[in-house]
Structure formats: C-alpha cells, structure tokens
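One structure is given here, and the rest of the page talks about it.
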Amino acid sequence: MHIIQAIDYNDLSKKAADRIAAQIRENPDSVLGLATGSSPLAAYGLLIRQYEQGKLDFSRITTVNLDEYRGLGPENSQSYRYYMDRNLFDHVNIDKSRTFLPDGLGADPEAVCRGYDQLLEDLGGTDLQLLGLGHNGHIGFNEPADAFPRDTHCVNLAESTIAANRRFFQSEADVPRQAYTMGIRGIFLAEKILLLVSGQAKASILKAALCGPITPRVPASILQLHRDVTVLADEAALSELR
Ligand code: F6R
C-alpha cells in the first residue's frame, strides 16, 4: 500500500486527476471504476479541463460506478447517474453507452445485482478503481456489517450514511434508504485502487482502516489485502497517522 500526502483538498484533487489522466493516456481503452460524492468532485473538474485543452481523449474509455440509489432515475438530481453526467460525462467525449451504473429504477433488485456482477466479469474488472471513504469506514455502500459482502447487492443504508447524505436532499425523509453497491469482490477485481480521503473528520476512520484489524466493521480495512492500493489523503485526513 502506498500513501501519498497531499496538502489539502485542492492538491489532492490535482494529484488524483493527474493519476487518472495518466491511466487514460497509458491505456486509452481503460475501464475506470468511478465514485461519486465530494472526494472525487474537483478531480473530475480538472479532468474536464484537461479534455478541453486537448490533453485527454475519453472516446475509448469505459466506466463502471460503484453504486446508485435504489429508486432514483437518471433525471433525479440526487441520483449518481445525474451526478456523473453533470460532473463529468456531459463535458468530455465519452461514449455514454459505455458508462455504467447500477439501474436505480430496475424492477427486480436481484436482476440488477446479478447483471452488474456479470458486467464486471465481462469487462475483466477495472484498470483503476477510485474510492472515497465513508465516515463509518464504508467503501462504495458496503456498510459496517458482520461479514464482508462479496457481490453487488442492495443495501439498507446505515443511519450515519443517511445523516451524511442529508445535506443533498430537502429533508431527511427524502434521503433514499437503499442503494445498490458493488461488493468487495467487484472492487477487488481492480488492477489498481486509488482511495481519496480529505479532511479532519475522516482522520480517525482512515487510521482504523489502514492500521487497525481487517474487519467488516470497518469495511475499508479490507483494502490492506489488495495488491495495489494508493491512498491519496490530505494532511488533515492523515493527521492521526503520524
Ligand atoms: C460514492 C461512494 C461512497 C463515498 C463515501 C465518501 O460513490 O461510493 O462510498 O465515496 O461516502 O463520500 P464523500 O466523498 O462525499 O466524503
């Protein structure tokens, strides 16, 4: 595991964008595993800027996102499809038919999950998987549990996750209670993983994930077992690790 210290969120975003851009240049047919949330947001903006400057070509890139809320469609401004379209896909020359997220509106949750795992199999996993870290240690929406979830599944979101997501919705009642998420196996199919962590509020959970026991109570702790993980974190997030 490599740990790279960024100064702050801006620096972290620049370093993250540079790594993603390097992956795209090195292999223009890359399969990128993407995350939503605030951690990768500015990095996506910097990738758009590189594209506009003629430095990046997304035309042969495939993307698979980690997760999607159950019950939200592409037109819902809180869906992750909407986030990805507005914050990246709409602004670069990506073929949208090769951008994948679990189908939040799928009628049969089991079929949504099995279809997503099949897709990951067919793609041979991702070349680079971006991850953020939840305040409770989740990756994707793999919440603290008694066992690590293996496959894509429909999850009941933890109260702390609902509270953390509350800021994006009009009221707490509007926050979806369920989401689809890649399981640990799907995440571990990645050749390389890039975990982005910013801010003091993540310092103790980051320490638990990197230095504590590998336990499904801290889902990100399983990353200690992946062969190629880079943790890109700012000084505040790393403050308890020194
Ligand atoms: C988002 C995702 C989540 C977030 C995590 C951190 O697609 O899978 O695991 O990465 O909740 O969220 P932020 O970056 O908003 O702190």
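The values are calculated or read from the model by the stated rules, or taken from the named source; none is laboratory data. The structure presented is a predicted model; accordingly, all values stated were derived computationally and were not measured. Backbone-built Cβ (ideal geometry, glycine too); neighbour counts: all protein chains shown.
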Among the residues of region 153-175, how many are under 19 Å from the mean Cα position of the chain (by Cα), touching a residue at least 40 places away in the same chain (Cβ under 8 Å) and within 21 Å of S39 (Cβ to Cβ)?
1
Residue pairs meeting the criteria (Cβ under 6 Å; at least 6 apart or on separate chains; first within 14 Å of the ligand (Cβ to nearest atom), in region 116-133; second of a type in the set (K, R)):
L133/K202
Is there a residue in region 43-56 that is over 26 Å from D234 (Cβ atoms) and either assigned to a loop (DSSP other than H, G, I, E, B) or within 14 Å of the ligand (Cβ to nearest atom) (or both)?
yes
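Condition first: surrounded by 24 or more Cβ atoms within 10 Å (Cβ to Cβ) and either aromatic (F, W, Y) or under 12 Å from the mean Cα position of the chain (by Cα) (or both). Now tell me which residues in region 191-202 satisfy that.
As a first pass, look at region 191-202 and keep what is surrounded by 24 or more Cβ atoms within 10 Å (Cβ to Cβ): 194-198, 202.
Hits for region 191-202 are L194, L195, L196, V197.
Regarding region 33-45, can at least one residue be identified that is surrounded by 14 or more Cβ atoms within 10 Å (Cβ to Cβ), at negative phi and over 19 Å from the mean Cα position of the chain (by Cα)? I'd like the intermediate steps shown before the answer.
Filtering region 33-45 down to residues surrounded by 14 or more Cβ atoms within 10 Å (Cβ to Cβ) leaves 33-37, 39-45.
Narrowing the set further to residues that are at negative phi leaves 33-36, 39-45.
Adding the requirement that they be over 19 Å from the mean Cα position of the chain (by Cα) leaves none.
No, because not a single residue in region 33-45 is surrounded by 14 or more Cβ atoms within 10 Å (Cβ to Cβ), at negative phi and over 19 Å from the mean Cα position of the chain (by Cα).
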If you go through region 188-202 one residue at a time, how many are within 9 Å of the ligand (Cβ to nearest atom) and either of a type in the set (S, T, N, Q) or in a helix (DSSP H, G or I) (or both)?
3
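Quick check on I24: is it away from the ligand (no atom under 16 Å from the Cβ), part of a loop (DSSP other than H, G, I, E, B) and β-branched (V, I, T)?
Values: away from the ligand (no atom under 16 Å from the Cβ): yes; part of a loop (DSSP other than H, G, I, E, B): no; β-branched (V, I, T): yes.
No; evaluated as a whole, the condition is false for this residue.
Taking the condition of being part of a helix (DSSP H, G or I) and buried (at least 22 other Cβ atoms within 10 Å of the Cβ), how many residues in region 117-170 meet it?
1
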Need pairs with beta-carbon distance below 9 Å; first residue on the phi < 0 side of the Ramachandran plot and within region 229-241, second modelled with pLDDT of 95 or more and of a type in the set (F, W, Y); sequence gap 6+ or separate chains.
D234/Y9; A236/Y9
So which residues in region 176-225 are β-branched (V, I, T) and without any contact (Cβ under 8 Å) to a residue 24 or more places away in the chain, if there are any at all?
I214, T215
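Yes/no per residue for (1) of a type in the set (V, I, T); (2) in contact with a Leu (Cβ under 6 Å, 6 or more places away or on another chain):
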{"residue": "L72", "(1), (2)": "no, no"}
{"residue": "M84", "(1), (2)": "no, no"}
{"residue": "P102", "(1), (2)": "no, no"}
{"residue": "G106", "(1), (2)": "no, no"}
{"residue": "G125", "(1), (2)": "no, yes"}
{"residue": "D146", "(1), (2)": "no, no"}
{"residue": "V155", "(1), (2)": "yes, no"}
{"residue": "F168", "(1), (2)": "no, no"}
{"residue": "A173", "(1), (2)": "no, no"}
With the requirement that a residue be within 18 Å of the chain's Cα centre (by Cα) and closer than 14 Å to G199 by Cα, what does region 11-32 give you?
L12, S13
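For (1) more than 28 Å from Y83 (Cα to Cα); (2) outside any loop (DSSP other than H, G, I, E, B), each residue gets a yes or a no:
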| site | (1), (2) |
| --- | --- |
| G186 | no, yes |
| I205 | no, yes |
| A209 | no, yes |
| I214 | yes, no |
| A220 | no, yes |
| Q224 | yes, yes |
| T230 | no, yes |
| S239 | yes, no |
| R242 | yes, no |
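Inspect all residues belonging to region 80-90 and state whether any of them is in contact (Cβ under 8 Å) with a residue 40 or more places away in the chain, within 12 Å of the ligand (Cβ to nearest atom) and among the hydrophobic types (A, V, I, L, M, F, W, C). Working first, answer last.
Of the residues in region 80-90, the ones in contact (Cβ under 8 Å) with a residue 40 or more places away in the chain are 80, 83-84, 87-88.
Going one step further and asking which of them are within 12 Å of the ligand (Cβ to nearest atom), we end up with 80, 83-84, 87.
With among the hydrophobic types (A, V, I, L, M, F, W, C) added as a condition, the list becomes 84.
Yes: region 80-90 contains one or more residues that are in contact (Cβ under 8 Å) with a residue 40 or more places away in the chain, within 12 Å of the ligand (Cβ to nearest atom) and among the hydrophobic types (A, V, I, L, M, F, W, C).
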